[in-house]
Amino acid sequence: MLVSASTSQIAEVRDFVGHHAEAYGFSAEDVHDIKLAVDEAYTNVIKHAYKFDDTKKVQVKILTGEKEFTISLSDEGVAFDPSAYTEPNVAERIMLRKRGGVGVYLIHKLMDHVEYRNEGTHNEILMSKKR
């Protein structure tokens, strides 16, 4: 599925992934977690890779194996550098009522495996959940 990098597409992306996760046999709770992780990753592409340029595109793919369900989001924007990432103090952010800044943390907590790939101008995040 190829979509514009626009917040108006979030529901479509979430529904696409949720439909495939349900068909793969995940529980309602797992489907919710997968949709939330995809929501966070897609939002990060919009905000950080493309700087809210909704003329840009994001490729969303579902890859399935016998026991693993993987979502791939690909873009041509500014790459995320996982080596520069510092895990947030979530309790402190909640206490101080700070919004945002926990998307990458959530993705890693909700999914079993997360991998970032960057080849030239092509960026990809792969998020996998075991069945």
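Only one residue in 26, 16 is of a type in the set (Phe, Trp, Tyr), under 15 Å from the mean Cα position of the chain (by Cα), at pLDDT 95 or above and more than 19 Å from residue 117 (Cα to Cα), so which one is that?
16 is the lone residue from the list that is of a type in the set (Phe, Trp, Tyr), under 15 Å from the mean Cα position of the chain (by Cα), at pLDDT 95 or above and more than 19 Å from residue 117 (Cα to Cα).
Go through (1) hydroxyl-bearing (Ser, Thr, Tyr); (2) closer than 21 Å to residue 65 by Cα; (3) buried (at least 16 other Cβ atoms within 10 Å of the Cβ) and name the single condition residue 27 misses.
(3)
Please count how many residues of segment 50-99 are among the polar types (S, T, N, Q), in a loop (DSSP other than H, G, I, E, B) and at pLDDT below 90.
Matching residues across segment 50-99 total 2.
Taking segment 117-128 on its own, how many of its residues are surrounded by fewer than 17 Cβ atoms within 10 Å (Cβ to Cβ) and under 16 Å from residue 43 (Cα atoms)?
1
The values are calculated or read from the model by the stated rules, or taken from the named source; none is laboratory data. None of these values were measured; they are calculated from a predicted model. Cβ coordinates were reconstructed from backbone atoms using ideal geometry, including for glycine residues, and neighbour counts include every protein chain displayed.
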